[in-house]
Amino acid sequence: MMKNIYLIILMLSITLASCNSDELLDKDPYDRVLTENLITDFTSFEAATAGAYNLLQHKYYHGGLYPIASDLMSDNSLSSWILFPGTDVYETPSDDREVLRIWTEISNLIAHSSIVIRQAESFDFESDQAQASDLIAQLYVIRGMAYFDMQRLFAQPYNFTADASHMGIPLVNETQVGIEIINPERSTTAEVYAKIISDIQYGINSITDDMSSIYNFNKTSAKALLARVHLYMENWTEANALATEVIGSGYSLVSNTNYVASWAQATTTESIFSIANTATDMGGSYAITYLYGRPRFKATMNLFDAIDANDVRKNLIAAGKVLKFPSYATRDDNTPILRVSEMYLIKAEAMAELGMDSEAQTAVNMILSRANPLAAPYVETGQALKDVIQDERRKELMFEGHRIFDLTRTKRSFVKYSTAAENPINVNYPSNLTILPIPQSEIDANNNISESDQNAGY
């Protein structure tokens, strides 16, 4: 059945982030027509680029639901509220409201950035062209990140099949989105990752390295994101090279003494890229600060017990309450996306996989000794070393939206702890439980995605 076309009018002072997402939940995010005069000068382009960053920050994306869902699906957290009740026990319906909200918000960003890139690339900014080229490069990185995030949550990991031929997410026709109705079909995972790398690499090649703000992508933060992507693809040499370069770019680990307090700070010496949140633009009861601070989602006892008593990170959990986002009253904690601690862990994992155990030990011990100066350094080798690196990733990156992806890409079975389930749930790899369903409204609206294209188990 032909879908309705509707307009989104973008003014200089209004971005897509200001749209009421609740009103759009029953709409296909690509089924829109925008005026082709979105970019009229450099000022309007700056506003449209700011709109892309606002969409990253949205309460249904990195401002709240995305990192919440990622940890909830793992052994790190459990739900104590009405959000994601099915997901907490791996019974997510295909018409789940919060799943649709995440899908829609990421789709909004992909469509928005594609439209803005297309229009900006054909516009003559005259004396502002150099600055405009930098913003275009940032938009490429943002779009690559959006594809990567959607792929991770709604499709099996890259190595699920030997050639990554399994179903991935839809890739948008960038020449038509915003002009006419489009119905993108699901691409293969290999195709999606090729697009992710293409977008981020284009950004790296064209972007400046202005590191004055952690809230805008620059060459270094784009390389950090690409290091993460290569890690997921098991491109160990590339992941290590990029992570090593980022580590040497002037960042340093926060000290053991200042670690807990640093989570109340807007930026630290290890911040590479963060989402800026203010008290006025945080998403109320959907804000990550609220959801963990209320608390609506709690740390599992399994995670708490896995952290040594002398490990400073144990102080970020109190009676199950997550303290990594401490500004509950104002709800203005930034959302960390890339930190240099992750780069050390990427380096450690890549080195271990390449059989360079000594180098891997050095990298992972940087994280261990900061967290627990009393701990004996890791001397494990082989698979034992790979295991402790994953343990350190769990503790260091907890509640930042990494855990379920680390479990699946490393093909690990685990135990899911839930408030609602009577008993813990054994999740054996490979599992249909560790990704979310394609929203039913997308299947109903998109002629090129059928019921047979739904993720297995839904």
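Readers should treat all values here as calculations from the given coordinates under stated rules, not as data from a laboratory. Every value quoted in this text rests on a predicted model; they were computed, and no experiment measured them. Don't worry about glycine lacking a Cβ; one is built from the backbone with ideal geometry, like all the others, and counts go over all protein chains shown.
Worth a mention:
- Across the range 189-197, computed HN-Hα scalar couplings (Karplus, 6.51 cos²θ - 1.76 cosθ + 1.60, θ = phi - 60°) run 4, 4, 5, 5, 5, 4, 5, 4, 5 Hz from first to last residue, x flagging Gly and Pro.
- Mean separation of Cα contacts under 8 Å (6+ apart) over length of the chain, as relative contact order %: 21 percent
- Among the listed pairs LYS223/LYS395; LYS347/LYS416; LYS219/LYS411; LYS298/LYS395, those beyond 26 Å (Cα-Cα): LYS347/LYS416; LYS219/LYS411
- Ellipticity at 222 nm from helices only: DSSP H runs of n ≥ 4 in the chain, each -39500 (n - 2.57), divided by the residue count, give -13500 deg cm²/dmol.
- Computed from point charges on the beta carbon alone (+1 for Lys and Arg, -1 for Asp and Glu), the dipole magnitude for the range 158-286 about its Cα centre is near 260 Debye.
- Net lengthening on full extension, ARG97/SER252 (0.36 nm per residue, minus Cα-Cα): 51.8 nm
- Each of PRO373, ILE204, ALA190 was scored by the projection of its Cα onto the charge dipole of the chain, and the greatest displacement toward the positive side belongs to PRO373; charges sit on the C-beta of Lys, Arg, Asp and Glu.
- Test item: Cα-centred dipole of the chain, Lys/Arg +1 and Asp/Glu -1 on Cβ, debye: 1220 debye
- Here each label is just a point 7 Å from Cα along the line to Cβ, and for ALA376 and SER262 those points are 2.7 nm apart.
- Fraction of beta bridges assigned by DSSP in the chain that are antiparallel (%, nearest 5): 80 percent
- Difference of contour (0.36 nm per residue) and Cα-Cα distance, ARG294 to ALA162: 43.2 nm
- Principal-axis analysis of the Cα atoms of the chain puts helix 236-247 at an angle of about 90° to the longest axis.
- Label reach from THR269 (point 7 Å along Cα→C-beta): in the range 358-383, amide nitrogens under 17 Å belong to 366-373.
- The alpha-carbon of LYS195 sits under 19 angstrom from the alpha-carbons of these aspartates and glutamates, leaving out residues fewer than 8 places away in its chain: GLU121, ASP149, ASP163, GLU174, GLU185, GLU234, GLU238.
- Stretch gain in nm, segment ALA194-MET211, where the contour uses 0.36 nm per residue and the Cα spacing is subtracted: 3.4 nm
- Positive-pole candidate from ILE337, LEU323, PHE273, dipole of the range 234-345, charges at beta carbon: LEU323
- Fewest-first ranking of PHE304, PHE154, using other Cβ atoms within 10 Å as the exposure measure: PHE304, PHE154
- Based on the Stokes-Einstein relation at 37 °C and a viscosity of 0.692 mPa s, and on the Kirkwood radius from alpha carbon pairs, the range 284-426 is assigned a translational diffusion coefficient of 200 µm²/s.
- Against the chain, whose longest principal axis comes from its Cα atoms, helix 129-154 is set at around 60 degrees.
- Each listed q (0.13, 0.17 Å⁻¹) maps to a log10 I(q)/I(0) for the range 193-342 from the Debye sum over equal C-alpha point scatterers, namely -0.72, -1.10.
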